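J.: Input: one structure, supplied below.
The numbers here are math on the coordinates, done by the rules we state, and not lab data. Keep in mind that what you see is a predicted model, and the values were worked out from it rather than measured. We place every Cβ from the backbone using ideal geometry, glycine too, and count neighbours over all the protein chains shown.
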Amino acid sequence: MAMGRPRGFDPDAVVDAAVEVFWRKGYEGASMADLCAATGLRPGSVYAAYGSKLGLFSAAVDRYVDTVFAYGMSALEAPTAAEVVRTWLLGSVAATTGATTPAGCLLVQGALATGESAAEAQEVLAAKRRAGEHVLAQRLARARTCGDLPADADPELIARFVLTVAEGIAVQAASGVDRAALLAVVDLVTARLPW
C-alpha cells in the first residue's frame with residue numbers, strides 16, 4: 001500500500017494558531033487570509049487538512065475546550081457544590097482576562113455573532129456550551145444525592161445559572177472590565193448562594 005505524502009506542518013501548532021485568530025476575530029471576522037497568515041498554511045492545505053474553514057474552526061474549538069476551558073472540568077473535582085461553583089467562576093475570570101490571551105471567551109463571542117455564514121459555527125459553539133452545562137448539572141446532581149445540596153435543588157437550573165454568570169463574565173471581560181472587578185462579581189455571587 002502506497003503511503004501519501006506526509007504533512008509538512010505541525011497540526012497542533014496550526015490549531016493553536018487558529019484558536020488565537022478565531023478567539024480574537026470570531027468566526028465571521030477571521031478571514032482565510034488571517035488564518036493562513038497565522039498558521040503558515042496555504043488555503044489549499046487548510047482545505048486538505050480540515051475540509052473547510054468550519055472544519056478548522058471545529059478543531060480550534062475542541063483545542064480551546066481542552067486547554068483554556070479545562071478550568072470547567074477541574075472545577076467538577078471540588079469537594080462541595082459551593083466550591084464547584086466558585087472554582088468554575090474563578091476559572092472563567094482567569095480564562096477571559098489572561099495577560100497573553102484575547103479578552104473574553106471564544107465559546108461566548110462566537111455565539112454573539114450574527115450572519116448567515118456564522119450559523120454552522122454557532123451550532124458548534126452551542127453544542128460545546130450545552131456539553132459544559134450538562135457535565136456541571138451532573139456534578140450538582142451528585143451533590144444533591146450526597147446531601148450537599150437540598151433535596152429540592154434543581155441541578156440543571158443551577159448549572160444554567162452558573163453558565164449564565166460565566167458567560168456574562170466573558171462578555172464583561174471582552175468589553176474591557178478588569179480582572180479585579182470580575183473577581184468581585186464572583187465574590188458577590190458565591191456569597192449569596194442559597195445553599
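J.: Want the number for residue 134 to residue 119: 0.36 nm per residue separation, take away the alpha-carbon distance, what's left?
T.: Values: separation 15, 0.36 × 15 = 5.40 nm, distance 2.22 nm.
Taking residue 134 through residue 119 to full extension adds about 3.2 nm, to one decimal.
J.: Can you tell me the 0 to 90 degree angle between the C-alpha axis of helix 11-29 and the longest principal axis of the chain, rounded to 10?
T.: 70
J.: FRET efficiency for residue 192 and residue 145, Cβ-Cβ distance as r, R0 = 22 Å, nearest 0.05?
T.: Working: r = 24 Å, r/R0 = 1.10.
Given R0 = 22 Å and the Cβ-Cβ separation, E is 0.35.
J.: Could you tell me which of 164, 108, 143 has its Cα farthest along the dipole of the chain towards the positive end, charges placed at Cβ (Lys, Arg +1; Asp, Glu -1), taken about the Cα centre?
T.: Comparing the listed Cα positions along the dipole, 108 ranks first.
J.: Once Lys and Arg get +1 and Asp and Glu get -1 on their Cβ, which of 125, 23, 48 lies farthest toward the positive end of the dipole of segment 7-146?
T.: Of the listed residues, the answer is 125.
J.: I've got another one for you. Working from Cα positions, state the angle (0 to 90°, nearest 10) between the long axis of helix 155-174 and the longest principal axis of the chain.
T.: Once rounded, one gets 60 degrees.
J.: May I pose another question? For Kirkwood radius over Cα pairs in Å, pick the label among [x] 16.9; [y] 26.4; [z] 17.9 that corresponds to the value derived from the coordinates.
T.: Checking each listed value against the structure points to [z].
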